[in-house]
Amino acid sequence: MLPDSTIAENVRRIEETILAACQRSGRPRSDVRLMAVSKTHPAEAIVAGYAAGLRVFGENRVQEFQQKLPALNDLGLEVAGRPGAAAEKTVAVHLIGHLQSNKSARAAEIFSRIDTVDSLRLAARLDEAAQKAPEKMDRRLPILIEIKLSDEPAKSGLEPGSRELDELLERLLDLGHIQMRGLMTVAPLDENPETARACFRQLRRLRDELAARHARMDYGELSMGMSGDFEIAIEEGSTLVRIGTAIFGARPKPE
């Protein structure tokens, strides 16, 4: 793990870069939130990020974050949406990795938001889990729909124009314990920055098309852009950039 001071300096540099990208795009800085991707890093990294001003974190796996929770609580932080969380000491932790349906119940309990919903079946399972979670009865579980905009087989998500995407959007209003907040995507791996730009532009246009067809949904969030392409994502309308390596350094190697 990097020293706390290095993490703080990395956050400062990224904040400056985000501000510059917003200014180039004619957008206020408040339009874009910074998510620190803490997957594979210890709970102490989240605490260091919190001390540097970060309040939103992203994790990839249910089991990994579940193992971090006790240490995170011992270090004085609570996860937004969980019982007993004090407002001045909370962080929002989003699931940004692929979620298997059989892990949806635990995910609904421990995460502030699920950003990778890619099927009606998963949405229904999360709705059922959120209904049964007593500590979250006072709120609906926020979700994003993951959109696949590349041909890479490792990428997950619903394809634009697919019957499955329309069916999900049509049924979401019937699922009373989850609440759609927008869309997310991961750009293809490509050295040409214009490839990422085309992907982000496509998601923004898709958002506008879906909003016209399914007007009762919330499309406020466009989660797109990571360490290598977040400036382009901001220029194309991102409201949430997901940055890991540029904040916490290289992922720890498994022992």
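The values are calculated or read from the model by the stated rules, or taken from the named source; none is laboratory data. For clarity, every value in this text was computed on a predicted model and none was experimentally measured. Positions of Cβ are backbone-derived with ideal geometry, glycine not excepted, and every protein chain shown enters the neighbour counts. What goes into the accessible areas is simple: the full protein's heavy atoms, side chains included, and nothing from ligands, DNA or RNA. Shrake-Rupley method; radii C 1.70, N 1.55, O 1.52, S 1.80 Å.
A 1.4 Å probe over all protein chains sorts HIS214, HIS98, HIS177 by accessible area into HIS98, HIS177, HIS214, starting with the largest. Calculated mean residue ellipticity, 222 nm, the chain: -12500 deg cm²/dmol, from DSSP H runs (n ≥ 4) at -39500 (n - 2.57) each, averaged per residue and rounded to 500. Extension gain for the segment SER25 to ARG171, taken as residue separation times 0.36 nm less the Cα-Cα distance, is 49.0 nm to one decimal. Taking a ≥ b ≥ c as the square roots of the eigenvalues of the alpha-carbon gyration tensor, the range 177-255 is classed oblate because a/c is 1.5 or more while a/b is no larger than b/c.
A straight chain from GLU64 to GLU159 at 0.36 nm per residue would run longer than the Cα-Cα distance by 31.4 nm. Highest average first, the peptides 6-14, 102-110 ordered by how many other beta carbon atoms sit within 10 Å of their residues are 102-110, 6-14.
Using a simple spin-label model with pseudo-atoms 7 Å out from Cα toward Cβ, GLU44 and SER150 lie 3.3 nm apart. Overall form of the chain: oblate. Here a/c, set by the Cα gyration tensor axes a ≥ b ≥ c, is 1.5 or more, and a/b is not larger than b/c.
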